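Read-outs throughout are calculated quantities, based only on the coordinates presented, and are distinct from any laboratory measurement. It should be emphasised that the depicted structure is a prediction, and the values quoted were computed from it without experimental measurement. Don't worry about glycine lacking a Cβ; one is built from the backbone with ideal geometry, like all the others, and counts go over all protein chains shown.
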Amino acid sequence: MKLALMRYKGFTFWCNPLSIEVLSQQNTVNYILPYSGEKLESLGKKCRIIKGKGEIKGKDCLEQYAKLYALQSQGGKGILSLPEIKPMEAFFTSLSVLADVTPDKICYSFTFVEADSKAAKAFVKTHKVSKGETLFDIAYAYGVKVENLVDLNPFVRRTDELEAGWEIRIC
């Protein structure tokens, strides 16, 4: 089976990297609850990190590396196409030479970071108010300061009078 070549912002890698690692992680937070232990909670997925190593071979390898370096230096996000993985928007965050450069071979490593607006939303945590709850109760349950909750929820006029069903922002 012949794999499609890796591409980014119109640049096609002449041969696929020797190795590609796609790191997927979850954002988690560990709440320490007085008298009841700890609670680990998932806040959603983080942006994937794509790392790899490759070689550019041939008489024009220095020119090809210069094009790759210029692409990484320009910044911004673009579409990254990898073999056997759905294309994604990503930032080309690093590029480095790994070994001695010869006129016909350059070994390099690279890093891309997925650009995912959904991951940024994963950091927002809310709590649905139950009847009789106060901002003090919620602050205690999540291990945060009442002042932080007041700042994050400007619609709350009194910390001891919340309406059931309100969504209180925690972070």
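Quick notes on this structure:
- Working from label points 7 Å from Cα in the Cα-to-Cβ sense, the Leu43 to Thr134 distance is 2.7 nm.
- Surface/4 of the Cα convex hull for region 50-102, nm²: 4.2 nm²
- D_trans [Stokes-Einstein, Kirkwood Rh over alpha-carbon pairs] for region 1-85, 20 °C, 1.002 mPa s, µm² s⁻¹: 133 µm²/s
- Computed from backbone phi, the HN-Hα couplings of region 70-81 come to 4, 5, 5, 5, 5, x, x, 10, x, 7, 9, 10 Hz, rounded to whole numbers (Karplus: 6.51 cos²θ - 1.76 cosθ + 1.60, θ = phi - 60°; Gly and Pro given as x).
- Integer Hz, Karplus 6.51/-1.76/1.60 couplings in order for region 32-44, x for Gly and Pro: 9, 9, x, 6, 9, x, 10, 9, 9, 10, 8, 9, x
- Dimensions (Å) - region 126-169, Cα atoms, principal axes, largest first: 21, 20, 17
- Think of it as helices only: each DSSP H run of n ≥ 4 in the chain is worth -39500 (n - 2.57), and spread over all residues that comes to -5000 deg cm²/dmol at 222 nm.
- Each of the peptides 108-116, 135-143 was scored by the mean count of other Cβ atoms within 10 Å over its residues; in descending order, highest first, they stand as 108-116, 135-143.
- Here percent of Cα pairs over 20 Å apart was computed from the coordinates, and among [x] 54; [y] 47; [z] 64 the match is [z].
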